[in-house]
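Comments concern the structure below.
Just so you know, all these numbers are worked out from the coordinates, no wet-lab data involved. Keep in mind that this is a model prediction, so the values were computed, not measured. In this analysis, Cβ positions are derived from the backbone assuming ideal geometry, glycine residues included, and neighbour counts consider all displayed protein chains.
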Amino acid sequence: MYRKKSLLVFGIALFLLILGTDSTQSLPFEDEAQWHWTFGDSSGLDSLPNSRPLIIAHRGASGMFPEHTMMAYEEAIYQGADLVECDIVVTKDLQLVCSHEAWIDAVSNVNNSTSEPQHEDFTNRITTYIMDDDDPNMNWNDHGPIKDYFTYDFTLDELITLRRKQVRTYRDPSYNWKQTFVTFEEYLDMCKENNIGIYPEIKLGAATNKILRDRNHNVTIEELVLAALDKTGYNKASDPCFVQTFELSTIKKLNELKTNLRTIFLFHANRTSDEDLQMYKDLGVYGLGLDKDLLVIKDDKNHISLLNEDLVHRIHALGMDVHVYTFRNEWNHLNWDYGQDPYMEYETFLDMGIDGYFTDFPASLRNFFTFKELQYAKNSGLVSQPMEKTYAFLCVLSVIICNWKQ
């Protein structure tokens, strides 16, 4: 009893001491607490922040739920993503669906890997397609011949009888077989309704368009995607939308179709000479999507050997943004130098001045930015002492309550 009374007296005295400290500074707002590094200006994009790098939910909140499901997309919005990514593939009846690749055995129960829910036996749909880019100088996206089940050979009605699963074995499998494929239209409607930015990727344009031509379809995947975007109201440069691709032929096709939307060219090979970067700029891309291994070079023992900040500076000097993929929390995706702490990885790329992060865990990145905003505001004298007093009082109160129960 004596201990409880002492704790109570201590708490009251400390709270009064906190209240007695004078304060005249105002509370911080986002437009006051400016960041101390430079990055691209997204102010021309409706509803997207321009006071920090962008949080791009990679395949939705795919760290928690099976990728490219409505569950993953909705969770990404709840976790505070600025944009949600959708990879786009085509069905047999020319419908657009969200899936990382056109081959679907690894992400679904198409091969009857689970008995529930039941679906038609699709064994006869196994096919081999050559999934290569048509540019011999940009072969990093070539997959060669692949034998699998392909969306090209399923109607949308058939596809939605299937269920998706978590593709990474070290992630929670509890949500396997709960959700089906999401159509591009459903994805667009959901993002529009929630006022969230979109980041569609046109997948394997060259290989897809060859298949469409071979079937006498007088349309390209680029035309299908732009038509769907236009139907939903995405057609202006100011719309919160980036259209991304790994293939220069798709960038060129989008230019031919005279889209106003901002385009991002992705790559993970070292095609980063000044001539290469100027070529991308001349093609009108808004920014480049870089594999993070192009910026943080690691040795064969998984330690950082070089920080390639110069590449970020050269891209920025040409007026293009830098979006980097893919940030994942698990230890097997982190260099040893980060101490298995994803925040340390975020910090490394933040110091380079990148403009956007693709992440499987948008909540972690959002929390990191919230911490950085408060830290910078406090160091700049923008956080008011009343705010600090309230926080201190709550900390003291929590300590008292915890000890009181003992």
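Indicate the gyration tensor shape class of region 26-383 (rounded, prolate or oblate), computed on the Cα atoms with a ≥ b ≥ c the square roots of the eigenvalues: a/c under 1.5 is rounded; otherwise a/b larger than b/c is prolate and the rest oblate. Provide the component values of the computation, followed by the final result.
Values: a/c = 1.59, a/b = 1.41, b/c = 1.13.
Prolate shape, in that a/c is at least 1.5 and a/b is the bigger ratio.
May I ask for the equivalent-ellipsoid semi-axes of region 119-185, computed as the square root of five times each C-alpha gyration tensor eigenvalue and listed largest first in whole Å? Walk me through the intermediate numbers first.
Values: eigenvalues 136, 64, 32 Å².
Over the Cα atoms of region 119-185, the ellipsoid semi-axes are 26, 18, 13 Å.
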Next item on the list: Rank these for me by crowding, D105, D282, going from fewest to most other beta carbons within 10 Å.
Entry: D282, D105
Margin query: If amide hydrogens are placed 1.01 Å from N in the peptide plane, which non-local residues have theirs closer than 5 Å to the one on C86?
Written below: Y199, E201
Next item on the list: Calculate one ³J(HN,Hα) per residue across region 152-162 by plugging θ = phi - 60° into the Karplus curve 6.51 cos²θ - 1.76 cosθ + 1.60, and present them in order as whole Hz with x for glycine and proline.
Entry: 4, 10, 10, 6, 4, 4, 6, 5, 7, 7, 8
Check: From the backbone phi of region 301-313, what are the Karplus-calculated ³J(HN,Hα) couplings (6.51 cos²θ - 1.76 cosθ + 1.60, θ = phi - 60°) in whole Hz, Gly and Pro given as x?
Finding: 10, 6, 10, 5, 10, 7, 9, 8, 5, 4, 5, 4, 4
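Got a sec? How would S364, S273, S62 order by Cβ neighbour count within 10 Å, fewest to most?
Values: S364 18, S273 10, S62 28.
Lowest count first: S273, S364, S62.
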Item checked: Pairs beyond 23 Å (Cα-Cα), from K236/K292; K147/K292; K147/K203; K192/K231 -> K236/K292; K147/K292
Item checked: Amide N proximity, region 241-281 versus W140 label position 7 Å along Cα-to-Cβ, cut-off under 15 Å -> 245-249, 264-281
Item checked: Amide H within-cut-off set for T263, under 5 Å, with H built and near neighbours excluded -> V243, Y286, G287
Item checked: Residues with amide H under 5 Å from that of S108, placed H, sequence gap 5 or more -> K165
Note to self: Output wanted: per-residue J couplings in Hz (rounded whole) for region 364-371, from phi through Karplus 6.51 cos²θ - 1.76 cosθ + 1.60, θ = phi - 60°, x for Gly and Pro.
What the structure shows: 4, 5, 4, 4, 4, 5, 4, 4
Notebook entry, point to check: Roughly what would the spin-label model give for N235 and T161, points 7 Å off Cα along C-beta, in nm?
Noted result: 3.7 nm
Next item on the list: With a 10 Å radius around each residue's Cβ, average the other Cβ atoms per peptide and rank 300-311, 88-99, 241-252, 154-165, highest first.
Entry: 241-252, 88-99, 154-165, 300-311
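Could you give the length gained on full extension between Q340 and I126, defined as 0.36 nm per residue of separation minus the Cα-Cα distance, in nm?
Values: separation 214, 0.36 × 214 = 77.04 nm, distance 4.05 nm.
The span from Q340 to I126 would gain 73.0 nm if fully extended.
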